[in-house]
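Visitor: Take this structure first; my questions come after.
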Amino acid sequence: MPFPSPTPGPSHHQDLQRRLRSQLEPLARPRHARWDPLGLLAVRELLVEQLSPLGAVERHRFNEGAGEGTNLILRLPGQKPELAPLLVAAHYDGPLGSPGADDNATGLVALLELARRWSQAPPRRPLWIVAFDQEEWGMLGSRALARELKASGQPLQLMLSLEMLGYTAETQSYPLPGMQAIYGDRGDFIALVGNTGVAPLLPALARLMGAHVKTKVLPVPFHGRLLPDVRLSDHSPFWDAGYNAVMVTDTSFLRNPHYHQPTDTVETLDLPFLAGVVEGLDAALRGL
């Protein structure tokens, strides 16, 4: 049986918000692979320092196209190590000229919090915790890993890309005008964007996450190629490699005016919302 998630009371949520904020501060700094390499190196080593007490951290080095980089991989065994793993990831590089608090320090702190929880109270399946390099340079790190996993025949139950998890707004834009009638005009939800292969899982994931944060789902056919905005994160190379994958997102530039700007700071984030996303992901992924 899966370990139960802790019942979150008010003090639990406040503690989680404080913990997330303290972890966000050192990560929200310029860290572009080309223009802020020292910042990128500092964040990489901080992640290794945070993850290493939980298990052996692999430095997966890649040379993809014109880019070289290092993904970080921590493998947690789960209660049934023989099952196909879940791969849960967030990119640790940042946009040019921005501290990248929402993009994507929020994904990183969620990844760290979940890794700690899952190392102490293992879910059913093995968990691969991955911090991707060079997402901002064309998803180079995820492209390299997806290709290698596919070539080796490695099965995955599901890949999840944690991509901007901490911003809410009074208004919400969409790539297609008709979507507003379905999803509403307020940017107060987390979105689960999945390929058609994962569509049967989305309602259950949304229901479990929805107990903690307002959650909406978007299944997309043809690997999202008819809606290019939904391909702009590390899940899309896994779609292209034939894996089922979901992007978990606050919808990025469709909501957040600070996207790729110097103003993408910790102060702009909705920490109660981010804490709800973390709780929801923990609850939703334990039973897969």
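Visitor: Using only Cα atoms, locate the centre of segment 45-88 and the centre of segment 132-180, then give the distance between them in Å, rounded to an integer.
Guide: 16 Å
Visitor: Still on this model: Using Cβ counts within 10 Å as a stand-in for footprinting exposure, how do Tyr259, Tyr167 rank, fewest first?
Guide: Tyr259, Tyr167
Visitor: Enumerate the helices in the chain for which the Kyte-Doolittle hydropathy averages -1.0 or more and the C-alpha atoms extend at least 15 Å along the helix's axis, using complete DSSP H runs.
Guide: Both cut-offs are met by 37-51, 106-120, 140-152, 271-285.
Visitor: State the extension gain, in nm to one decimal, for the chain segment bounded by Gln180 and Leu38, taking 0.36 nm per residue of separation less the distance between their alpha-carbons.
Guide: Full extension of this stretch gives 47.0 nm more.
Visitor: On to the next question. Please report, for the Cα atoms of segment 160-288, the Rg to one decimal and the Dmax as a whole number; what are they, in angstrom?
Guide: My reading of the Cα-based Rg and Dmax gives 14.0, 39 Å.
Visitor: Using only alpha carbon pairs under 8 Å that are at least six residues apart, calculate the relative contact order of the chain and give it in whole percent.
Guide: 23 percent
Visitor: Could you tell me which label, among (1) -0.51, -1.09, -1.22; (2) -0.46, -1.16, -1.36; (3) -0.71, -1.22, -1.30, carries the value of log10 I(q)/I(0) by the Debye sum over Cα atoms at q = 0.10, 0.15, 0.16 Å⁻¹ calculated for this structure?
Guide: (2)
Visitor: I'd like the antiparallel share, as a percent to the nearest 5, of DSSP beta bridges with both residues in segment 134-288.
Guide: 30 percent
Visitor: Something else about it: Run the dipole for the chain about the Cα centre, Lys and Arg Cβ at +1, Asp and Glu Cβ at -1, nothing else charged, and hand back the magnitude in debye, nearest 20.
Guide: Value, rounded to 20: 840 debye.
Visitor: Place +1 on the Cβ of every Lys and Arg and -1 on the Cβ of every Asp and Glu in the chain, take the dipole about the Cα centre, and give the residue among Pro219, Pro155, Gln261 whose Cα lies farthest towards its positive end.
Guide: Pro155
Visitor: Most mobile of Ser142, Ser173, Ser161 per a Gaussian network model of the chain (Cα springs, under 10 Å)?
Guide: Greatest mean-square fluctuation among the candidates belongs to Ser173.
Visitor: Assuming a ≥ b ≥ c are the square roots of the Cα gyration tensor eigenvalues, decide whether segment 157-231 counts as rounded (a/c under 1.5), prolate (otherwise, with a/b larger than b/c) or oblate.
Guide: oblate
Visitor: Between Ser52 and Thr196, what is the label-to-label distance in nm when each label sits 7 Å out along the Cα-to-Cβ direction?
Guide: It is 4.7 nm.
Visitor: Loop-only check: which GluC sites (Glu not before Pro) in segment 126-189 are DSSP coil with at most 15 other Cβ within 10 angstrom?
Guide: Numbers: sites: Glu135, Glu136, Glu148, Glu163, Glu170; in loops: Glu135, Glu136, Glu170.
Of the GluC sites (Glu not before Pro), the ones in loops of segment 126-189 whose Cβ has at most 15 other Cβ atoms within 10 Å are Glu170.
Visitor: Per 0.36 nm of contour for each residue apart, how much would the distance between Thr263 and His12 grow if the chain were fully extended, relative to their Cα-Cα spacing?
Guide: Numbers: separation 251, 0.36 × 251 = 90.36 nm, distance 2.94 nm.
Contour length minus Cα-Cα distance gives 87.4 nm.
Every number in this text was worked out from the coordinates using simple rules, so none of it is lab data. Small disclaimer: the values here were computed from a predicted structure and weren't measured. Neighbour counts run over all protein chains shown; Cβ positions are idealised from the backbone, glycine included.
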